[in-house]
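Structure record follows, encoded as structure tokens.
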Amino acid sequence: MAKAPPSDLHSRSVLFPGIGAAGQEKIARFSFAMVGVGAVGAAAAEIAARAGVGRITLIDRDVVEESNLSRQLLFDAADAENVVPKATAAEARLRRIAPGVAARGIVTDLTVENARELLTGHDAIVDGSDNFETRLLVSDAARSLGLTSIYAACVGQEGLLAVSVPGRTPCLRCYLETLPPAGSAPTCDTAGIVPTLPPLVASLAVTELLRIATGASTFLGRSRRSSLTPPFAPSCDRSIASRGSCTPSRPSGAHPTCSTIWRGTPTAWRSRTTDWST
């Protein structure tokens with residue numbers, strides 16, 4: 001079969017009225033940072049690259065292991081055998097899949113010291129990390145930088161997705177003000193994972209990215225709600241400014257940007273498809 005000309009690459013997306021030629025151009029100019037390149041992160045990065053997202057930064061310090069291969073779609077047996085860092089392997093794979101996408105792998109942990117430097121300059125952040133400390137840091141950094149962040153996670157047979165928009169929706173600290181005790185939450189290492197679940201969660205996360213990129217409305221409470229109904233976190237309130245302090249995990253120079261104008265119940269979204277209507 002002859003190779004399709006470049007103009008045909010995203011022709012089916014362009015045909016879809018919710019995207020169109022103008023929307024595809026916006027997607028090509030869009031960028032996001034993928035924090036964590038595990039099962040959800042690897043799938044999300046590949047889906048986004050194939051969809052034509054222009055620039056993807058991949059942040060992860062872990063290396064590919066054999067146990068990853070059943071569900072982390074960007075990696076293969078050679079990566080595990082050679083103990084290749086996930087960010088490095090993912091960058092190489094994305095460059096082969098979508099040469100027109102600017103993929104950059106950064107082999108490091110996201111920390112208080114480097115969060116601002118690594119995340120600045122993107123249009124959004126997708127959080128696919130595997131620990132609450134990093135997830136809180138991503139949420140705090142996104143609020144400080146004024147970036148939309150997407151929380152994407154799954155364990156066992158449950159997937160969870162939440163879109164956080166500064167000034168419009170709650171942040172992660174509205175649900176989780178402090179870190180839970182070590183070992184108190186299930187992980188894929190303790191509870192396992194249905195191998196088909198991460199791509200489903202990743203697909204929903206990237207759908208939200210495309211909505212953001214094209215200017216369509218995000219789910220923002222229109223899909224099924226979870227049972228999480230916490231009050232606003234004190235550190236999420238503007239009143240923190242009057243106390244002259246900020247949470248320890250915020251990047252240097254962070255300020256309280258999580259607005260209290262959201263008066264509804266903080267909401268997380270479980271995996272469920274909805275229409276593209278605005």
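Exposure proxy shown here: for LEU94, LEU73, the number of other Cβ atoms within 10 Å sets the order, fewest to most, as LEU73, LEU94. Using the Karplus relation 6.51 cos²θ - 1.76 cosθ + 1.60 with θ = phi - 60°, the per-residue 3J(HN,Hα) values for the stretch 107-124 come to 8, 6, 7, 7, 10, 4, 6, 10, 4, 4, 5, 6, 9, 4, x, 9, 8, 6 Hz, with x marking Gly and Pro.
Sort the following peptides by mean Cβ neighbour count (other Cβ atoms within 10 Å, averaged over residues), highest first: 65-72, 51-58. Could the numbers behind the result be given before it?
Working: 65-72: 15.8, 51-58: 22.8.
Per-residue Cβ counts within 10 Å, averaged per peptide and sorted highest first, yield 51-58, 65-72.
Modelled this way, with points 7 Å down the Cα-to-C-beta line, the labels at ALA28 and LEU9 are 0.8 nm from one another.
By how many nm would the segment from GLU65 to GLN157 lengthen if fully extended, with 0.36 nm per residue of separation less the alpha-carbon distance?
Details: separation 92, 0.36 × 92 = 33.12 nm, distance 2.20 nm.
Here the segment from GLU65 to GLN157 would lengthen by 30.9 nm.
Sequentially through the stretch 21-31, phi angles give Karplus couplings (6.51, -1.76, 1.60; θ = phi - 60°) of 5, 5, x, 5, 5, 5, 4, 5, 8, 7, 9 Hz, Gly and Pro residues having no value and appearing as x.
Say R0 is 30 Å: what FRET efficiency, to the nearest 0.05, do ILE97 and THR178 get from their beta-carbon distance?
Numbers: r = 40 Å, r/R0 = 1.33.
Computed FRET efficiency for ILE97 and THR178 comes out at 0.15.
Residue ranges 10-16, 86-92 sort as 86-92, 10-16 when ordered by packing (mean number of other C-beta atoms within 10 Å per residue, highest first).
Read the figures in this text as sums done on the coordinates, not as results from a lab. Note that the structure is predicted; figures quoted are calculated from it, not measured. All Cβ positions, even for glycine, are placed from backbone atoms using ideal geometry, and neighbour counts span all protein chains on display.
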